[in-house]
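These notes concern the structure reproduced below.
The values are calculated or read from the model by the stated rules, or taken from the named source; none is laboratory data. Nothing here was measured: the structure is a model prediction, and the numbers come from that model. No Cβ is skipped: glycine too gets one built from the backbone with ideal geometry, and neighbour counts run over all protein chains shown. For accessibility, only protein heavy atoms count, side chains too; no ligands or nucleic acids. Shrake-Rupley method; radii C 1.70, N 1.55, O 1.52, S 1.80 Å.
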Amino acid sequence: MGKVVRSRKIWIGIGLFLLGVLIPLWLKPQLLRLDQLLQTMDHRTDGNALMIDAFLTVSINTIITTPQFLSVVMLGDGMADVFNRPALKTIVPLVAVPLAYVIVNVMTPLNYSFGATDIFLWLTIVVMQQLSKQKLNMGMKLLVFSQLIFGVAWLNQVPFLTQYGFGRGSLSIKVKQAAIQLGFGRVLALYANVLFFIFVASALTLWIYLILYMEKWSISQDLHRAQLEAHESRSGREVLHLVHDLKTPLATVEGLVSLMEIRWPDPKMQEYCQTIYGSIQAMSRMVSEILYEDRKNWCELKELIDYIRASRLSGTNLLVDIELEEEPHPIIYINKIRLTRAIINLIDNALDATREQDNGRVVLRAKTLPDAVILEVEDNGHGILANDVKKIWKTGYSTKNHPGVGLAFVRQVAEGHEGSVNIKSEVGQGTKVWITLPLGESQ
């Protein structure tokens, strides 16, 4: 039930459905002076008035029908996504469209008939939905379906199609009867058929163009992500070569320190040499962790937090609250360099989200569980849209104004430690991202 409540498509569908039901109460023939035009034709032959009547009738039907059909499309998509039942994309429109007509006819004295036009529209939209494979957004669907509905609605004005279920609503019947009485039946049929073909052809052309455009855009996005991955890979190889080359000067420094230790047996000099040895060994471990993703060492949780603080916040005026439990601190088996980069990535995102807020707050929190350690970054920034949350793990996707690797690297690091990463975000409330790392025998 919670998924239904949180589904944006379902709520949009419900809103459009209510709009389609309530429009007939406001958009009455008297408002458009349609009744007055019909009375005018009873007294004199007026082809212009007839065409205006037909146009207004089609417009009324289009304005009423468009939100109804869009609503069932959104409801069907939303229900199919929530319950993972693709068949609901067909079942929901099949039930909801006739229901809308029943409600409208109960609420208004006019007879809006559910007939062959609506069945034709429903079948066409279902086929278009299936072929488009959800590549069109709401605005694109509105452009296409409104033209399609306006074009198909002209079939209601063709007198000889009445017997086949087209145009049995009270307004359409009045217009066709007046046309036949005035001897304009064939003229009305000709105009209606021409307009039907023009608008339906226009809708189909626009639909095909938008699908091709979205496919091209999708391909360009995939290409862009591939280019980013290639660039990152190339940059990564260059860094690895550079880091690998650091081993040579480190070995040279270590040899020179060894000679200094032998040459000058002074206790103070011996102490300095041991300090240098310790630094060289620490740097050597860091080089190994950078060069080899699977290279891990035991590290105390507090040491990791201190290293993150020194790597990201030292020498800056950026404030990040750090919440670390008291002793004892667990010892975790990690690649400290890569895990630090992942946490810094999360901190940078959180700082960006709170940059324009006076009361912006970013918290780095470490929690210890019986079998796991949780590293959590939380902010009270602008939050992330539900649709974006599903995309942020993709390489190349970014909610900022510039491309990036997103959170793909963070997930890669978490999974490389046999852990996981999760996110919880609400627009206007903030975002929380946490990495869960195993403890104990699972390490």
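Points to keep in mind about this one:
- With all protein chains modelled, accessible area of Leu259 [1.4 Å, Å²]: 110
- Surface calculation, 1.4 Å probe, protein heavy atoms: Arg355 sits at approximately 150 Å² accessible.
- Annotation: per residue accessible area for segment 69-218 equals 50 Å², rounded to a whole number [probe 1.4 Å, protein chains only].
- Taking label positions 7 Å along the Cα-Cβ direction at both Ala386 and Tyr213, the computed distance is 2.7 nm, reported to one decimal.
- Length-normalised contact order for segment 57-209 - Cα pairs under 8 Å, 6+ apart - percent: 25
- Amide H partners (placed H, <5 Å) of Leu439, local residues excluded: Ala372, Val373
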